[in-house]
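Note sheet for the following structure.
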Amino acid sequence: MSFLDYSKTTGGGGLINNLPITEKQTGYDMSGYINDLCDRLNIKGTDQNTTGVFTIDSKIIDKIKKISGYNSFVVLSCRINEAGYLIVTIAPHLNLGGDLVDDAIEVEVNLTDPIGYTESEDQISWSEYFMSIAQISAKRSKDPVTKVGACIVDDNHIITGIGYNGFPRGCKDGLFPWGKQGKYSDTKFGYVVHAELNAILNSMKTEGCILYCTEYPCSECFKAIIQAGIKEVIYFNSPDLNKEKHVEFMKANQKMSNATGVKLTKYNP
């Protein structure tokens, strides 16, 4: 067995390298437990089966230091007991002959305990993440007035489609209008594909998914959303109640939502 002196790690950084974890030390198959251990404790190594060489995160070392009272130590062995606890045998030093010292101790770490870890305070939620992608997608739009983005996500938090408002493929900007005044065929309304519809058309999967959108969907897009099997729309900006068209969109959408069960949810990070 090789011994590792924590006091010799660079800058006291708290990483222990070459820590052996073996089936022989535990007395039973370690394969499932090692993988679980690696996942729980952020242990990385070249072999995550029954044996291997691993690097343990410094926060685990800090936990061991706190429990043992040792500022520097030698790791003698590591195992998992029948209760699923991580048992690390450590000593403050080795004698010159390489024998174990009398004051070696075992430190017990509960694998269900966060072991000093706390969630990053600046980590964004899934909802913030997907809405941010919708907002970034909106920046791809060439519409000079209204830029809209959409992002479709499945139950496994996998993005299946994104889109933004723009002209159909092959319709060049210089040949089609972005204006809003004049006859229907002289305005953008006759040509622009909305972000929600583009996301659906670009999507690998829509059934049972959630659509994040930077704007409240119009009733035409909401019909397509329902037909695509999307179960919920989470929108960032609420409709403008001072505009009659938006009020009518809301009335139509709410009626379809009540009938189909497809949710319309205001974004709340």
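Some points to look at:
- Reported count of residues in region 155-196, each being within 20 Å of Lys139 (Cβ to Cβ), crowded, with 16+ Cβ neighbours inside 10 Å and in contact with an Asp or Glu (Cβ under 8 Å, 6 or more places away or on another chain), is 8.
- Of residues in region 77-108 being at pLDDT below 70 and in contact with a strand residue (DSSP E or B) (Cβ under 8 Å, 6 or more places away or on another chain), the one least open to solvent (accessible area, probe 1.4 Å): Val101
- Residues that are open to solvent by less than 60 Å² (accessible area, probe 1.4 Å) and either in contact with a strand residue (DSSP E or B) (Cβ under 7 Å, 6 or more places away or on another chain) or modelled with pLDDT under 95 (or both), drawn from region 223-236: Ile225, Ile230, Glu232, Val233, Ile234, Tyr235
- Where a residue in region 49-76 is under 16 Å from Ile87 (Cα atoms) and modelled with pLDDT of 70 or more and its partner, wherever it lies, is assigned to a loop (DSSP other than H, G, I, E, B) and open to solvent by less than 20 Å² (accessible area, probe 1.4 Å), with Cβ under 6 Å and at least six apart: Ile61/Gly14; Lys63/Ile115
- Taken together, the residues in region 245-269 that are on the phi < 0 side of the Ramachandran plot and assigned to a loop (DSSP other than H, G, I, E, B) amount to 4.
- Among the residues making up region 138-170, those that are small (Gly, Ala, Ser) and without any contact (Cβ under 8 Å) to a residue 60 or more places away in the chain are Ser141, Gly161, Gly163, Gly166, Gly170.
- Scanning region 175-195 for residues that are among the hydrophobic types (A, V, I, L, M, F, W, C), out of contact with any Phe, Trp or Tyr (no Cβ under 7 Å at 6 or more places or on another chain) and in a loop (DSSP other than H, G, I, E, B) yields one hit, Trp178.
The values are calculated or read from the model by the stated rules, or taken from the named source; none is laboratory data. Since the model is a prediction, treat every value here as computed from it, not as a measurement. Virtual Cβ from ideal backbone geometry, glycine too; neighbours counted across all protein chains shown. With ligands, DNA and RNA removed, areas are computed over all heavy atoms of the protein, side chains included. Shrake-Rupley method; radii C 1.70, N 1.55, O 1.52, S 1.80 Å.
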